[in-house]
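I have placed the structure first, in the form of structure tokens, so that the comments after it can refer back to it.
The values are calculated or read from the model by the stated rules, or taken from the named source; none is laboratory data. Here the structure is a predicted model, which means the values were calculated and not measured. Heads up, the Cβs are rebuilt from the backbone with ideal geometry, glycines too, and the neighbour counts pull from every protein chain shown. What goes into the accessible areas is simple: the full protein's heavy atoms, side chains included, and nothing from ligands, DNA or RNA. Shrake-Rupley method; radii C 1.70, N 1.55, O 1.52, S 1.80 Å.
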Amino acid sequence: MFEKGLELKREFGEDAVCDFSLGNPDVPPPAKTREVLASIAESAVRPLGLGYCPNAGIPAVRDAMASYLSTQQETPVASKDVVMTVGAAGALVSFFRAVIEKGDEVITPAPYFVEYGAYCGHFGGVLKAVPSLPPTFRPDVAGIEKAITPKTRAIIVNSPNNPTGAIYSLEDMKAIAALVDKVNAERESIPGARPLFLLSDEPYRAFAYDGAKVPAVLPLTKWAVVLGSFSKTLSLAGERVGYLLANPQMPGQPQLVAAVTLTNRTLGYVNSPVIGQRLAAALLDQTVDLEIYDRRRKLMAKVLSDAGIEFEMPKGAFYFFAKSPVADDLKFVDALLAEKILVVTGKGFGFAGYVRLSCSVDEKIIARSAAGFKRAMEKFK
């Protein structure tokens with residue numbers, strides 16, 4: 001879709017194309033970023049200013065992250081519990097390299113971020129998707145429980161969710177955490193059994209609207225691992241700075257952190273980008289202007305509603321997961337493409353019959369797309 005968007009813009013001009021395909025944050029970083037970058041530039045010219053740092057991250061940055069995450073996760077954590085990574089993606093890949101063996105299973109509610117399967121598949125893992133419950137896309141906890149086998153090594157939850165914008169409730173998160181605890185209690189009596197982890201993938205944590213709250217996962221189970229980044233929160237997607245936090249109450253936690261630190265190095269990441277680490281640490285009290293995304297969310301809802309497209313209003317992130325007017329969502333994608341509107345098929349996220357739209361675009365583009373959505377919908381009446 002990225003290449004298709006460029007092709008259409010070259011052919012018809014930037015103003016003719018409405019590209020909702022990419023989750024590439026376009027809102028400027030916080031104003032303080034300029035000041036912080038200037039400060040980093042001063043220190044960068046010193047010896048090792050841009051050199052290697054410890055594989056788990058700059059010590060002062062890990063200290064700052066521990067303080068920040070202790071508040072966010074409502075649980076005291078220390079710098080030794082945090083590994084700075086190359087984005088949340090690097091955190092997941094490093095974790096899977098540390099724990100996955102060939103044939104291990106990783107469960108996730110569907111729809112899910114499309115690259116999860118590749119992240120665990122690199123090391124012989126198998127992604128098992130459990131369909132969520134439309135129209136709200138609550139996780140199907142009973143379905144997740146049925147999907148667990150002795151080979152299941154992790155459950156990934158992504159809330160606020162890409163692509164649906166759903167925020168999993170505290171009730172649902174408690175139920176999933178209780179399931180993880182139950183499985184691990186049973187495995188304690190099985191020789192050679194390995195634990196089941198709950199991975200909370202949280203790059204969109206700051207994007208919660210209308211008073212919605214994203215539950216902290218660390219208080220819910222000792223087997224929790226939190227993964228996040230500053231790609232969206234600070235509009236630093238290209239700088240690639242993220243983190244992994246392992247619950248300090250987890251049995252064997254020091255060994256897990258050490259293993260992830262090693263895989264972070266041996267996968268070739270070596271260390272999280274030092275400029276990104278310093279930027280993030282200095283901006284932990286900042287976010288991009290979330291009101292801009294909220295205005296876009298409301299405008300997109302109006303555009304889709306006026307066109308007769310069904311959707312659940314997203315509570316978080318910056319995506320809409322809209323219902324296709326026909327069962328084959330690829331046909332709807334093609335109909336929109338004919339109107340120079342780019343969206344992504346739901347099949348790519350493991351949930352056919354829907355399409356994903358990103359709101360990381362200017363409000364003018366959203367408004368301009370209204371007529372095209374209406375014309376596309378007319379083709380299916």
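Observations, loosely collected:
- Residue check for S70: among the polar types (S, T, N, Q), out of contact with any Phe, Trp or Tyr (no Cβ under 8 Å at 6 or more places or on another chain), modelled with pLDDT of 95 or more and farther than 17 Å from A147 by Cα: yes
- Considering residues of segment 289-341 that are assigned to a strand (DSSP E or B) and of a type in the set (A, V, I, L, M) only, the residue nearest to G211 (Cα to Cα): A322
- Residues that are of a type in the set (S, T, N, Q) and closer than 26 Å to S229 by Cβ within segment 137-173 comprise T152, N158, S159, N161, N162, T164, S169, listed in sequence order.
- Any hit, segment 365-372, residues being open to solvent by 50 Å² or more (accessible area, probe 1.4 Å), basic (K, R), under 26 Å from the mean Cα position of the chain (by Cα) and under 21 Å from D26 (Cα atoms): no
Here's the yes/no breakdown for (1) assigned to a strand (DSSP E or B); (2) over 14 Å from the mean Cα position of the chain (by Cα):
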position	(1), (2)
G90	no, no
R97	no, yes
V106	yes, yes
C120	no, yes
P150	no, yes
I155	yes, yes
N162	no, no
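- Qualifying residue in segment 94-101 (condition: among the hydrophobic types (A, V, I, L, M, F, W, C), in contact with a strand residue (DSSP E or B) (Cβ under 9 Å, 6 or more places away or on another chain) and surrounded by fewer than 20 Cβ atoms within 10 Å (Cβ to Cβ)): no
- The set of residues from segment 305-336 being within 26 Å of the chain's Cα centre (by Cα), surrounded by fewer than 19 Cβ atoms within 10 Å (Cβ to Cβ) and closer than 21 Å to D362 by Cα comprises just one member, M313.
- Filtered residues of segment 44-53 (kept if surrounded by 11 or more Cβ atoms within 10 Å (Cβ to Cβ) and modelled with pLDDT under 90): A44, G49, L50
- Among the conditions (1) out of contact with any Gly (no Cβ under 6 Å at 6 or more places or on another chain); (2) hydrophobic (A, V, I, L, M, F, W, C); (3) in contact (Cβ under 8 Å) with a residue 60 or more places away in the chain, A31 misses just one, which is (3).
- All of (1) assigned to a loop (DSSP other than H, G, I, E, B); (2) open to solvent by 60 Å² or more (accessible area, probe 1.4 Å) hold for E171 with one exception: (1).
- Identity of the residue in segment 109-118, without any contact (Cβ under 8 Å) to a residue 60 or more places away in the chain and outside any helix (DSSP H, G or I), that ends up least open to solvent (accessible area, probe 1.4 Å): P109
- Test: residue in segment 183-190 that is touching a residue at least 40 places away in the same chain (Cβ under 8 Å), surrounded by fewer than 22 Cβ atoms within 10 Å (Cβ to Cβ) and either touching a Gly at 6+ places or on another chain (Cβ under 9 Å) or of a type in the set (D, E, K, R) (or both): no
- Test: A166 is at pLDDT 95 or above and touching a Lys or Arg at 6+ places or on another chain (Cβ under 9 Å): yes
- Segment 136-152: number of residues that are in contact (Cβ under 8 Å) with a residue 40 or more places away in the chain, surrounded by 15 or more Cβ atoms within 10 Å (Cβ to Cβ), of a type outside the set (V, I, T) and touching a strand residue (DSSP E or B) at 6+ places or on another chain (Cβ under 6 Å): 1
- Hits in segment 342-360 - residues which are assigned to a loop (DSSP other than H, G, I, E, B), within 18 Å of the chain's Cα centre (by Cα) and of a type outside the set (G, A, S): F351, C359
- Residue within segment 358-365 that is under 19 Å from D15 (Cα atoms) and of a type in the set (D, E) present: yes
- Any chance G238 is surrounded by fewer than 21 Cβ atoms within 10 Å (Cβ to Cβ) and over 24 Å from V36 (Cα atoms): no
- Scanning segment 248-270 for any residue that is open to solvent by less than 40 Å² (accessible area, probe 1.4 Å) and of a type in the set (D, E, K, R) turns up nothing.
- Any hit, segment 287-302, residues being surrounded by 15 or more Cβ atoms within 10 Å (Cβ to Cβ), within 19 Å of D81 (Cβ to Cβ) and touching a residue at least 24 places away in the same chain (Cβ under 8 Å): no
- The set of residues from segment 68-88 being assigned to a helix (DSSP H, G or I), surrounded by 15 or more Cβ atoms within 10 Å (Cβ to Cβ) and not charged (D, E, K, R) comprises Y68, L69, S70, Q72, S79, G87, A88.
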